[in-house]
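Since the structure comes first, as structure tokens, the remarks are kept for the end.
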Amino acid sequence: MMFPFLRGLPRVHLTRHLLGCPQSLSLTAPRRLRYGATRGGGPVLPSHGTTGTGLAKTAPPLPVPSCVAQFRTSTRVKALPAPLIWMVLKPVQKLTAIILGRSLRKWWVALPDNRRQLFRQWAWQRRWRLVVAAGVGAVITILLLLTHLDQSPVTGRTRLLVFSRQNYMELAAFTSEAYMEEFGDRLLPESDARHRVVEQVVQHLARRNQDLAEMADVDWSVHVVQSDNSNAFVLPNGKVFMFTGMLEAVADVHQLTIVLGHEMAHALLGHAAEQASLSHVVDLLSVVLLAAIWAVCPRDSLALLGQWAQDKLTQVTGIHYILIGR
């Protein structure tokens with residue numbers, strides 16, 4: 001064997017030893033031998049239009065060493081969608097703000113009086129520079145928000161979208177796969193009468209609204225889940241999830257049409273992306289406010305009270321914006 005150190009390695013770990021393979025194993029080797037010339041020099045095939053004897057048109061196949069014969073590529077790793085990554089990092093950034101603000105307060109309390117006075121004098125002497133820096137930061141933040149304004153389809157309302165539509169489609173695909181795995185054993189078959197009813201209503205709504213480009217571009221698919229939960233939702237990629245509890249709650253097909261039309265409208269208008277974008281911006285601003293609360297409040301008990309008030313204010317602001325948007 002040309003590389004005996006590869007004999008005891010599992011196949012999945014051979015990628016880290018690729019550099020041990022000779023250069024003649026590269027994919028460009030057949031191209032170098034196409035005209036009959038070897039790397040060290042040798043016979044060359046005549047050009048087209050001339051006669052040649054005894055020379056093959058193509059080079060003989062190279063022997064494949066065992067290190068290549070046993071090579072296996074690893075499975076492709078799919079990156080998480082950006083909105084999902086931000087959702088995971090939200091608790092981390094809040095904890096970081098609390099630690100940073102509390103550390104600043106402890107540092108300020110531990111300073112001697114003369115050092116505090118010197119710091120105040122330093123800040124006062126550079127007050128205009130600090131004001132200009134804060135103004136530049138505010139202008140940059142406003143410009144970033146203005147560059148992420150978007151027009152809502154159908155209604156034409158101006159809204160804020162931090163992430164692109166592609167990001168939310170990736171998140172919708174990731175979420176739908178998770179739901180399919182979670183509800184896998186409780187999904188009703190397509191032959192079930194309840195599934196057929198929901199399918200007919202969704203297709204009826206899609207056909208009657210073909211004049212909307214957003215409706216025509218979506219590939220709708222229905223999934224009915226056996227559950228007492230009175231709920232239904234539609235993901236931005238057209239995945240409709242209906243719970244049997246909701247089917248029992250509606251009186252007739254007309255009420256079911258209203259429910260499905262409402263949820264499909266949310267998906268078409270991108271309300272989930274809009275709400276997540278608002279939450280993203282509010283979270284960034286609340287991190288700064290949270291760090292300031294823990295830095296200014298003299299005791300941890302007062303800082304906890306200020307944090308509670310800040311959380312309530314954030315929730316009220318988000319709910320108010322959602323109600324206005326809808």
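Just so it is clear, none of the values below were taken in a lab; they were calculated from the coordinates. A quick note: this is a predicted structure, and the numbers were derived from the prediction, not measured. Backbone-built Cβ (ideal geometry, glycine too); neighbour counts: all protein chains shown.
Computed with the Debye formula from one identical point scatterer per Cα of region 95-183, without solvent, the log10 of I(q)/I(0) at q = 0.10, 0.11, 0.19, 0.21 Å⁻¹ comes to -0.62, -0.70, -1.05, -1.11. Annotation: amide H-H contacts under 5 Å for Ser152 (H modelled 1.01 Å from N, sequence separation of 5 or more, or interchain): Arg157, Thr158, Arg159. Potential lengthening of the chain between Ala193 and Asp252 amounts to 19.8 nm, from the contour at 0.36 nm per residue minus the alpha-carbon distance.
When each of Leu89, Leu160 is scored by the number of other beta-carbon atoms lying within 10 Å, the sequence from fewest to most is Leu89, Leu160. Going from the residue with the fewest nearby Cβ atoms within 10 Å to the one with the most, Lys239, Lys312 rank Lys312, Lys239. Panel order for Asp219, Asp150, Asp300, by other beta carbons found within 10 Å of each beta carbon, from fewest to most: Asp219, Asp300, Asp150. Multiplying each eigenvalue of the alpha-carbon gyration tensor of region 245-294 by 5 and taking the square root yields semi-axes of 39, 13, 5 Å, largest first, rounded to whole angstroms.
Can you check what the Kirkwood hydrodynamic radius comes to for region 183-269, Cα pairs only, in Å to one decimal? Result for region 183-269 stands at 12.9 Å. Between Asp300 and Phe174, full extension at 0.36 nm per residue minus the direct alpha carbon distance yields a gain of 41.4 nm.
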